Amino acid sequence: MGVKKSDRREFLKRGAALAGSLVAARTAVGQTPDHTEHTPVAPGPDAFLRGSDEIVAYGKRSRFVTSVRIPHGGRASPDQFGLDFHIATPLQDSVGVITPSSLHYMGTTRGSFIPDIDPEKHRLMIHGMVDRPLVFTMAELKRLPSVTRMHFIECAGNRASSRHTTVQETHGMTSCAEWTGVLLSTLLKEAGVHANADWIVAEGVEEVKGASSIPMAKAMDDCLLCYGMNGEPVRPQQGFPLRLLVPGFEGIFNVKWLRRIKVVDQYYMTYNDFGHLTRDPVNAALGYQIGPKSVITHPSGGQQLPGPGFYEVSGLAWSGGGRVARVEVTTDGGRTWRDADIRGTAHPMAHTRFSFEWNWDGKECELQSRCIDELGQIQPSRAQALEFWSTPEEKATSVKGQDNSIQPWRIASDGSVHNAII
Amino acid sequence: MRLSSLLPLLLLFGAAAQAQSPTYGVGRTPTASEIAAWDISISPTGEELPPGSGTVDKGSELFLSKGCAGCHGTTGTGGLAPRLVKLDVAADADPWDYGRVLPIRSPYATTVWDFINRGMPLGAEGTLTPDEVYSLTAYLFFLNGLLPDGSTLDRESLPKMRMPNRDNWAQVPDWLPGKPRLEGYPY
């Protein structure tokens, strides 16, 4: 046995040496791994990873995958105090519809340290206009019937401007995850909500104890108290151990590090609510639930097409109003639109992947996508949105209110891709 | 009688039955003092406001001693943190031209009290006493010309304060599942 083992080790060692010399040979002649390459041997790895406790315990992505989040909106995150502000997800590298938990976008109402919560000590209280105020431990919440759902969360400030280069800058403040938890309605029924209670106020434990007023109709419809995210506990930056999910509503409603839900009979005008304050009823109505929206993630700004030929135009569509019903794509700057294919299932209030088969002729052109949701809401062009808000296009750097307008990408004749917002 | 016409009735009784008794019996009942300790939400009508009172004078001292001025500027403007005093506009200007300034734009005085109480000062959030919060709130209202010098605020007077935008803001619309955001809006 021992001899055999030793033989095997020797064989492996020789194999590794052989692989190493092949690598050296390939590097020496400076071949690039494209379709013009003719190698006398089948391709294989340049090296092998040794097992490590780290890789065994939690796994690790390839060192060749370098996609990362970036601070959003020109403000350092973390800042000099270690406070997190806004962090954008790298949509340009996204595949499918799930945002990996470590790449999920993040926002805080005022720069925040991330609460470091022992889940054993965490509690959720439901009180106010209820028959039975209740306090739950995390273990108790996990005893209750659970649901698992796909939902996006998008920051209200996720707006594109002509200054942006990549889709991470224009649209990186939206992400989608598989969320697991208890329906808020389950707990509200357990507590027994009074008939005249029209609102809830949900509150987190971060320094500012961020709180938002949410209509009872929404709370009873589909809000979720989440402890799970993409198959594991919710990440600290996403509200560990418990966050509220308000599907389709602007990001700020999705209270993280949730500790308290107060059932009330009026809009509380919390500081978060004050952030939505407007005297324009149209703006108030639109700045609440996310509108129908989509963006092409490949090809997108900053990417490079190697040359004319076939490409799958791929992107994400979503709406706070429900399922994505249809996505259309134009490759001629909006003159003609054709249906894209929906890849996989269009879940309500979830990122939905679309794709469009395209042969690029090598000439300059402009790609756009347009989302139509199950309510019949249609994603507007930037010109339509600006016209609606009566903003002269030459002056506008951003669409007023919540911006769900169409993103144009210009493909130059050299294959480079550019933000086409003027 | 068809079943479908009975359905609303059944749902009604079902809901009533659910409201009367818990389904799962999981979770415990908090004590009244526990609820009081956790509950820091202040409604526009102010019923949760604690006893105590504060003055503009004390507020102006606290604004310096608690470090507010360090971020918001000694006069309530000019710092890194959001400005706390209205823009310098004409006396008869539209209140919406005062800028996005919490202690003047908010329709309710309670929002100002609530946010100072829960979220200030930076790094020592939640450490101010009710008297200190009343004082700082009074001082911010003084800075914005809403209260004269020497004024006092307490749980009775604070919710009664008439803010310039009290009735001049757009209520968020009733939310209903499966409805577009705005009737007649195509996008």
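The values are calculated or read from the model by the stated rules, or taken from the named source; none is laboratory data. The structure presented is a predicted model; accordingly, all values stated were derived computationally and were not measured. Positions of Cβ are backbone-derived with ideal geometry, glycine not excepted, and every protein chain shown enters the neighbour counts. Note: accessible area is taken over every heavy atom of the protein model, side chains too, but ligands, DNA and RNA are not part of it. Shrake-Rupley method; radii C 1.70, N 1.55, O 1.52, S 1.80 Å.
Assorted remarks:
- Buried on assembly, segment B:170-185 (at least 50 Å² less accessible surface than by itself, 1.4 Å probe): B:Ala170, B:Val172, B:Pro173, B:Trp175, B:Arg181, B:Leu182, B:Tyr185
- When chain A is treated as a GNM with alpha-carbon contacts under 10 Å, the residue of A:Ser294, A:Ser212, A:Ser146 showing the greatest mean-square fluctuation is A:Ser146.
- Accessible carbon and sulfur surface of segment A:138-265 relative to its total accessible area, %, 1.4 Å: 50
- Hull volume in cubic angstrom per residue (convex hull over the Cα atoms of chain B): 230
- Lys, Arg +1 and Asp, Glu -1 on Cβ, resulting dipole of chain A about Cα centre, debye, nearest 20: 1120
- The three principal axes of the C-alpha atoms in segment A:226-333 carry coordinate ranges of 60, 41, 26 Å, sorted with the longest axis first.
- Charge dipole (debye, nearest 20) of segment A:208-278; +1 at Cβ of Lys and Arg, -1 at Cβ of Asp and Glu: 320
- Per-pair calculated FRET efficiency, R0 = 56 Å: B:Glu156 and A:Arg163 via Cβ, rounded to 0.05: 0.65
- Across the alpha-carbon set of the protein assembly as shown, the Rg to Rh ratio works out to 1.03, Rh being the Kirkwood radius.
- The residues B:Thr129, B:Thr74, sorted by heavy-atom accessible surface at 1.4 Å with ligands and nucleic acids left out, run B:Thr74, B:Thr129 from largest to smallest.
- When a 1.4 Å probe is rolled over the protein heavy atoms, the share of accessible surface on segment B:54-187 that falls to carbon and sulfur comes to 53 percent.
- Cα-Cα over 21 Å, subset of A:Lys189/A:Lys262; B:Lys66/B:Lys160; A:Lys256/A:Lys293; A:Lys256/A:Lys400: B:Lys66/B:Lys160; A:Lys256/A:Lys293; A:Lys256/A:Lys400
- Accessible solvent surface per residue of the protein assembly as shown, calculated while the other protein chains remain in place, 1.4 angstrom probe, Å²: 48
- Residue among A:Ala88, A:Ala211, A:Ala412 with the largest mean-square fluctuation in a Gaussian network model of chain A, springs linking Cα atoms under 10 Å: A:Ala412
- Note on segment A:293-419: with neighbouring protein chains present and a 1.4 Å probe, carbon and sulfur make up 45 percent of its accessible heavy-atom surface.
- Placed amide H near A:Arg326: partners under 5 Å, 5+ positions off or other chain: A:Ile372
- Between A:Arg335, A:Arg243, A:Arg159, the residue with the greatest mean-square fluctuation in the GNM of chain A (Cα pairs under 10 Å linked by springs) is A:Arg335.
- Counting every pair of alpha carbons in segment A:293-419, the share spaced more than 20 Å apart comes to 44 percent.
- Look at where the Cα atoms of segment A:254-268 and of segment B:115-154 average out, and the two centres are 23 Å apart.
- Neighbourhood charge, 15 Å Cβ-Cβ cut-off, centred on B:Gly99 and excluding it, Lys, Arg +1 and Asp, Glu -1: +2
- With K and R counted +1 and D and E -1, the other residues having a Cβ less than 11 Å from that of B:Leu49 yield a net charge of -4.
- Compared with the dominant principal axis of the Cα atoms in chain B, helix B:56-65 is inclined by about 80°.
- Total accessible area lost when A and B pair, probe 1.4 Å, Å² to nearest 100: 5600
- For A:Cys223, residues with placed amide H under 5 Å, excluding near neighbours: A:Leu184, A:Ser185
- Peptide B:113-123 has a mean shielding of 4, counted as Cβ atoms of other protein chains within 10 Å of each residue's Cβ.
- For segment A:40-123, the spread of Cα coordinates along the three principal axes comes to 59, 36, 29 Å, biggest extent given first.
- The helix-based estimate of mean residue ellipticity at 222 nm for the protein assembly as shown, built from -39,500 (n - 2.57) per DSSP H run of four or more residues and divided by its residue count, is -7000 deg cm²/dmol to the nearest 500.
- 3J(HN,Hα) along segment A:147-156, derived from phi through the Karplus expression 6.51 cos²θ - 1.76 cosθ + 1.60 where θ = phi - 60°, amounts to 10, 10, 9, 8, 8, 8, 10, 10, 6, 4 Hz, with x in place of Gly and Pro.
- Averaged over the residues of peptide A:288-294, the number of Cβ atoms from other protein chains lying within 10 Å of each residue's Cβ is 3.
- Simple spin-label estimate for A:His38 and A:His418 gives 3.9 nm between the two label positions (7 Å along the Cα-to-Cβ direction from each Cα).
- Annotation: amide H of A:Glu178 within the under-5 Å range of A:Asn230, sequence separation 5 or more or interchain, hydrogens built in the peptide plane.
- Counting only alpha carbon atoms, the long axis of helix B:130-143 and the longest principal axis of chain B meet at about 70°.
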